[in-house]
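Notes to accompany the following structure.
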Amino acid sequence: MENAGYEILLGQLQNTINSVGYFIPEIILIIGLVILIIADLIIKESNKILIPIIALAILVSSLATVFSQWGMPSILLYENMLRLDNYAVFFKVLFLLGAIITVSTLGFSTDNRKSFNDNEGYTFLIGITLGLQIMSMAHNLLMIYISVELVSLCSFVLVSFTFDKKAAESNLKYIFFGGLSGAVMLYGMSFIYGISGDLNLPSLALVPWESNPMYGVIVIFTIAGLLFKISAFPFHLWAPDTYETAPSPLIAFMSVATKAAAFAILIKFIFFVNSFYLLAIPLALIAFCSIGIGNFSALIQSNPKRMLAYSSIAHAGFILSAAIVNSKLSLEACLFYLAVYLPMNFAAFLLVDILSNAGGGKEVENFKGLGFKLPFTGVIFTITMIALTGLPPTAGFYAKIFTFSSLWEAYQTTGQNIVMYLLVFGVLNSVVSLFYYLKIPYYMYFKSSQNELILKPSRSSQIVVAIIALPLLVIFFKPEIITQYITLIKF
């Protein structure tokens with residue numbers, strides 16, 4: 001018995017050692033966290049500009065090693081806790097690109113500098129990125145929970161760097177809903193462990209889910225934390241206030257990266273549970289509510305950041321509607337949507353920030369006439385809004401088309417009426433989104449401004465935003481830039 005126990009322990013140790021070589025991108029981030037903490041202590045105040053440069057170097061180094069992992073055979077790491085494959089690498093590239101854009105753009109506006117003036121923010125941003133990368137590889141319920149909580153705790157601190165009364169109130173909502181959804185998720189996971197006797201995701205496929213109606217409640221409990229991360233109904237109430245008060249690059253990163261990470265896990269969960277009536281129908285209802293509430297609430301917003309917050313809820317519903325179909329086409333639709341959502345949302349939030357500073361206010365009313373006074377910025381913003389609507393000639397058009405195509409294919413295959421209802425509802429709501437996405441360009445070009453004091457944005461900020469928005473046009477004409485990689489991804 002002692003020899004058997006020793007052999008098991010030796011095997012686990014060998015597995016851990018072998019796994020280290022595949023964990024290099026995350027090890028770089030962990031070492032980077034330590035470096036940033038030490039650098040903040042020893043670098044003089046006059047040289048604090050070095051902190052974001054160091055953070056940028058850490059992220060670029062991690063991204064370089066992630067690229068080298070593409071095309072590797074799927075491998076299980078750390079006693080089946082993590083799984084490294086093209087699916088995980090795809091998401092890790094998204095997270096690191098988002099983090100690099102965030103670090104590069106945090107200094108564009110005065111409120112962002114104020115929020116990050118103590119430099120701890122960059123450390124927490126690296127911490128979030130580390131948690132997101134672990135989420136993309138998580139192959140075990142316990143690892144899912146740990147990585148989700150790592151992202152949550154860093155996010156709670158990061159959004160709290162804006163010190164005012166309104167921000168404190170919105171942060172309290174964020175923390176409350178985050179803590180509640182995390183607790184509910186852990187409660188659901190405990191039941192799944194009791195049912196299956198295992199925490200690894202493949203064990204979910206062995207459970208007879210439709211044999212007991214209570215299993216449906218357990219599954220919904222388990223994905224509650226993920227629904228919070230994607231700001232889907234009914235865990236969306238924190239989003240508008242938090243999006244309004246947090247720094248624009250930071251909230252753009254959280255709205256894209258954390259949403260993508262949550263979908264990375266949710267898609268796996270749907271794949272292994274694979275029960276239409278137990279999981280797909282409740283998630284379809286959540287998608288209905290998310291799309292409807294997001295779009296119709298965005299219609300009445302006068303603050304552009306709150307409008308983008310509600311639109312992100314609607315986008316979560318669109319992506320979720322494709323995810324529930326659980327097919328090869330739906331997987332590709334979700335991945336393509338998330339890939340183009342990165343430049344769309346980053347460009348939108350950064351442009352709102354630029355226009356708010358130029359117009360001297362944070363309401364749509366302050367954007368009157370800015371289209372002619374800032375022609376370059378106005379054109380980029382209009383292109384971005386068209387992309388978010390899902391119209392040509394932008395990549396957003398393909399995102400919507402692929403999503404609707406996956407729903408149509410699922411309806412032809414399964415004959416489920418709820419899939420057709422979701423398709424029709426999504427198309428109609430895409431029309432609704434026209435009215436609020438194009439409201440800002442309408443004010444910029446068709447409303448005259450009485451304010452002659454325009455603060456012109458720096459040339460560097462305009463160039464960076466243009467670079468971020470450029471893929472929206474390029475991908476429309478060459479979608480294979482993304483699709484050639486997405487088609488290689490499978491479970």
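Among the residues of the stretch 112-131, those that are modelled with pLDDT of 85 or more and either open to solvent by 20 Å² or more (accessible area, probe 1.4 Å) or not hydrophobic (A, V, I, L, M, F, W, C) (or both) comprise Tyr122, Thr123, Phe124, Gly127, Thr129, Gly131.
For Ile386, the conditions (1) within 20 Å of Tyr436 (Cα to Cα); (2) crowded, with 24+ Cβ neighbours inside 10 Å; (3) hydrophobic (A, V, I, L, M, F, W, C) all hold with the exception of (2).
Checking each residue in the stretch 319-346 for being of a type outside the set (A, V, I, L, M), open to solvent by 10 Å² or more (accessible area, probe 1.4 Å) and more than 16 Å from Leu279 (Cα to Cα) picks out Lys328, Glu332, Pro343.
Of these, Ala246, Ala314, Ala298, which one is in contact with a Gly (Cβ under 8 Å, 6 or more places away or on another chain) and among the aliphatic types (A, V, I, L, M)? Outline the logic, then answer.
Numbers: Ala246 fails: in contact with a Gly (Cβ under 8 Å, 6 or more places away or on another chain); Ala298 fails: in contact with a Gly (Cβ under 8 Å, 6 or more places away or on another chain).
None of the other options fit; the residue is Ala314.
Only helices (runs of 4 or more DSSP H) whose full extent lies in the stretch 171-272 are considered here, and the ones with at least 2 residues that are small (Gly, Ala, Ser) and out of contact with any Leu (no Cβ under 7 Å at 6 or more places or on another chain) are 224-229.
Could you please let me know if Glu480 is open to solvent by 40 Å² or more (accessible area, probe 1.4 Å) and in contact (Cβ under 8 Å) with a residue 60 or more places away in the chain? Lay out the reasoning, then the answer.
Numbers: open to solvent by 40 Å² or more (accessible area, probe 1.4 Å): yes; in contact (Cβ under 8 Å) with a residue 60 or more places away in the chain: no.
No.
Restricting the first member to the stretch 16-38 and to residues that are farther than 20 Å from Phe67 by Cβ, and the second to residues that are open to solvent by 80 Å² or more (accessible area, probe 1.4 Å) and not in a helix (DSSP H, G or I), the beta-carbon pairs closer than 9 Å and six or more apart or on different chains are Thr16/Glu79. Here is a list: Ala257, Ala246, Ala309, Ala262. Which entry is touching a Ser or Thr at 6+ places or on another chain (Cβ under 7 Å) and not aromatic (Phe, Trp, Tyr)? Just one listed residue meets the conditions, Ala246. Tell me, which residue of the stretch 464-477 that is of a type outside the set (Val, Ile, Thr) and open to solvent by less than 60 Å² (accessible area, probe 1.4 Å) is farthest from Phe402 (Cα to Cα)? The qualifying residue farthest from Phe402 (Cα to Cα) is Ala466. Checking each residue in the stretch 316-343 for being of a type outside the set (A, V, I, L, M, F, W, C), closer than 19 Å to Gln416 by Cα and either touching a strand residue (DSSP E or B) at 6+ places or on another chain (Cβ under 7 Å) or assigned to a helix (DSSP H, G or I) (or both) picks out Gly317, Ser321, Lys328, Ser330. Here Ser461 meets each of (1) of a type in the set (Gly, Ala, Ser); (2) at pLDDT below 85; (3) open to solvent by 40 Å² or more (accessible area, probe 1.4 Å) with one exception, condition (3). Can you find even one residue in the stretch 225-242 that is open to solvent by 10 Å² or more (accessible area, probe 1.4 Å), modelled with pLDDT of 85 or more and either over 23 Å from Val432 (Cβ atoms) or among the aliphatic types (A, V, I, L, M) (or both)? No, every residue in the stretch 225-242 fails to be open to solvent by 10 Å² or more (accessible area, probe 1.4 Å), modelled with pLDDT of 85 or more and either over 23 Å from Val432 (Cβ atoms) or among the aliphatic types (A, V, I, L, M) (or both).
In the stretch 184-197, what count of residues is obtained for those that are more than 12 Å from Ile220 (Cα to Cα) and open to solvent by less than 60 Å² (accessible area, probe 1.4 Å)?
Going residue by residue through the stretch 184-197, those that are more than 12 Å from Ile220 (Cα to Cα) are 190, 193-197.
Next, from what is left, pick out any that are open to solvent by less than 60 Å² (accessible area, probe 1.4 Å): 195-197.
Residues meeting the conditions: 3.
On the stretch given as the stretch 265-277, residues that are crowded, with 21+ Cβ neighbours inside 10 Å and over 22 Å from the mean Cα position of the chain (by Cα) total 1.
The values are calculated or read from the model by the stated rules, or taken from the named source; none is laboratory data. Bear in mind the structure is a predicted one, so any value in this text is a computation, not a measurement. In this analysis, Cβ positions are derived from the backbone assuming ideal geometry, glycine residues included, and neighbour counts consider all displayed protein chains. These area figures cover heavy atoms from the full protein model, side chains too; ligands, DNA and RNA do not enter into them. Shrake-Rupley method; radii C 1.70, N 1.55, O 1.52, S 1.80 Å.
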